[in-house]
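Inspection log for the structure reproduced underneath, given as C-alpha cells.
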Amino acid sequence: YTSPIAPPADKDTESIAVNYLTQLYGLPKQTGSNAEKRSSAVSLRLKEMQQFFGLAITGKLDEETLNVMKKPRCGVPDVAA
Amino acid sequence: YSTFQGDYKWKKHDLTYRIENYTPDMSVAEVDDSIKRALQLWADVTPLRFTRIYSGTADIMISFSVGDHRDGYPFDGPNGFLAHAFPPFEGLGGDAHFDDDETFFYRSPQGYNLFLVAAHEFGHSLGLEHSQDPGALMYPTYVYRNSDTFVLPKDDVDGIQSLYGPNTDFDPNDPKPTPPVTPNKCDSKLVLDAVTMLRGEIMFFKGGFFWRSYPLSATVEQHLITSFWPEIPEHIDAAFESPLEDKVFIIKGEKVWALYGYEMAQGYPKSLSMFRLPKKVQKVDAVLYDETSYKVLFFVDNQIYSYNEEKRRVEKGYPKPVEEVFPGMTGKVTAAFQYKGFNYLFSGSKMFEFGAHNKNLLRVLNNNYFLPC
C-alpha cells in the first residue's frame, strides 16, 4: 500500500496564500520566472489583506494571517473586483 | 461599509427572485423561509421589495451547486468559499450561488446558517461590497449569530441606504430594533461589560464583542462573542478566571457559563447560586479573582461579597461596602480584573488601579489603558 506524499507544510501554506490572494485580492497569475518580482507582488497583496482584516501589516505570511485565510468565507473578492 | 465602484445598483425598487434548486441539507420550506427572511432584512430598511417568481429569469437567481458551475468562479469543496453573488447588472448580475459541498442549517449553530450566508450574499446582489467592520453582516468571513434575534447591524444599514435610501413606509406602531453598532476601543466613553484574564491573555467584553489582548504583543483582536462561543449571550455582566479550576466563568443574570481554555466547559450554564450568594442577589456587576487571597470578589451594587472557592462559601463579615475594601472607589464598579499584582476596577469610562496587597488606590486611568488605539 502506498500513500500520496503530502507536500511540505510551508509549500501547502504558500499555495493557500497564493490562491487566496489571487481570488480575493487580485494577485496576478504568475507569469515569467522573476522570483523577486513575484514575491513583492505577493507581499503587496498580503499587506492589503492584512490591512483589510486589521491584522499587523507585515507583508509576511505569519500565523495570524494564515488563520484568517483558513476561515470559511464568501467567495466575492474583498477589494474592487 | 463599501459599495461596488461604478454604478452597480438596481434602477428599480421592485425586484424578483427565483430559487432554482435546493440543497438536500434542509427541507424545501426551511430553504424558502431562510431566503425570504434574508431578503426581508434588506427590505426592512430600504424601499426595496422582493417578489418570488417560479419560472423564467428573475433579477436574483438563487442556486446551489458544487465545484465548477460555469460562471468562471468554481467552488472549492467543503469550507473555504461558502457562496458568492454578483452585483446588480444584466445577466448574472444579482445572482447568488451557494456551494452545496457545505452543510447548511436552518437554526443550529452547526455548519453554516443558510439565512446568514444568504443575507450576506444578497448584500452583494444589491450592490454592497465587503465591509471591514468585524460586526457587519458584510464582513467577509462567516460568523454564527442567532438567526432568530439577528438585527441588521448599523454598518450594513448605512451601506444599503447609501444606495437606495431608507424604508419610507415603516409602521411607527411597530418600531424596529436599533441596529447594533460595533464597539470601538478608541471610544473614550466606552463602558466595558466585563474584563477577565484567560491563560495570560486579557479579554475585554462589550456588547456582542470581545477584544483579546496579548500583553506581550501590540495587536488586539476584536471578535464577535458568537464566533468563538455561540452559546454565550451578548452584554454579559461579569467574567473571571479561576486558577483553581482552570476555568473562566462568564456571568449574565442568574446564569453562569464556563470556558476551559477557549472551549465551552460541559454542564453549563449553571445557576448563579453555585457561588452561594444570598438568594436576593440575582445580578452581579463585576467579579475579580484575587490571587493574593484565593478569593472571588463579587461586586453587587456598592457592596462586595468574598467567596472562598475551596470552602465553597461566602466569607463571614460580607457583604462589605466596596469603599471599605477599596478605599477611594466610590462609583459603581462595572468590570474588574487583577493583573501582575494590581487590581483594576472599571467604573464608567475610568479604570482605578489598586495595589493587590495593600489595596491602596494608585492611579485613575482611562478605560483604554490596556486597549491602545
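For residues that are more than 7 Å from chain B (Cβ to nearest Cβ) and at pLDDT below 90, scanning just the range A:64-81, find the one that is nearest to B:TYR73 (Cα to Cα).
A:ALA81
Please work out which one of (1) in contact (Cβ under 8 Å) with a residue 60 or more places away in the chain; (2) surrounded by fewer than 23 Cβ atoms within 10 Å (Cβ to Cβ) is the condition B:VAL151 fails and give its number.
(1)
Evaluate the following for B:PHE240: is it touching a residue at least 12 places away in the same chain (Cβ under 8 Å), at negative phi and under 16 Å from the mean Cα position of the chain (by Cα)?
Answer is no for this residue.
In the range B:37-68, how many are more than 30 Å from the chain's Cα centre (by Cα) and among the hydrophobic types (A, V, I, L, M, F, W, C)?
4
Which pairs turn up if I take residues in the range A:52-76 that are under 22 Å from B:TYR1 (Cβ atoms) and look for partners that are of a type outside the set (A, V, I, L, M) and loosely packed, with under 15 Cβ neighbours inside 10 Å with beta carbon separation below 7 Å, at least 6 apart in sequence or on another chain?
Correct list of pairs: A:ILE57/A:GLN51.
Give the range A:39-63 a look and list any residue that's outside any loop (DSSP other than H, G, I, E, B) and either of a type in the set (Val, Ile, Thr) or within 11 Å of chain B (Cβ to nearest Cβ) (or both), or say none.
A:VAL42, A:MET49, A:GLN50, A:GLN51, A:PHE52
How many residues are under 22 Å from B:MET274 (Cα atoms), of a type in the set (Ser, Thr, Tyr) and in contact (Cβ under 8 Å) with a residue 60 or more places away in the chain when one looks only at the range B:294-349?
1
So, B:GLU291, is that one touching a strand residue (DSSP E or B) at 6+ places or on another chain (Cβ under 7 Å) and closer than 23 Å to B:ASP246 by Cβ or not?
So B:GLU291 passes the test.
Return the residues of the range B:91-121 that are among the small types (Gly, Ala, Ser) and in a loop (DSSP other than H, G, I, E, B); say none if nothing qualifies.
B:GLY91, B:GLY93, B:GLY94, B:SER108, B:GLY111
Quick one: which of B:ASP155, B:ASP95, B:ASP148, B:ASP71 is within 22 Å of the chain's Cα centre (by Cα), over 27 Å from A:LEU66 (Cβ atoms) and of a type in the set (Asp, Glu)?
Numbers: B:ASP155 fails: over 27 Å from A:LEU66 (Cβ atoms); B:ASP95 fails: within 22 Å of the chain's Cα centre (by Cα); B:ASP71 fails: within 22 Å of the chain's Cα centre (by Cα).
It is B:ASP148.
So B:GLY127 clears everything in (1) at positive phi; (2) touching an Asp or Glu at 6+ places or on another chain (Cβ under 8 Å); (3) at pLDDT 95 or above; (4) surrounded by fewer than 24 Cβ atoms within 10 Å (Cβ to Cβ) except one condition, right? Which one?
Just one mismatch for B:GLY127, condition (2).
Can you go through B:PRO74, B:PRO88 and tell me which one is within 13 Å of chain A (Cβ to nearest Cβ), touching a Gly at 6+ places or on another chain (Cβ under 7 Å) and not in a helix (DSSP H, G or I)?
After ruling out the rest, the residue left standing is B:PRO74.
The values are calculated or read from the model by the stated rules, or taken from the named source; none is laboratory data. Owing to the predicted nature of the structure, the values given are computational and were not obtained by experimental measurement. Note that each Cβ is placed from the backbone with ideal geometry, even for glycine, and that neighbours are counted across all protein chains shown.
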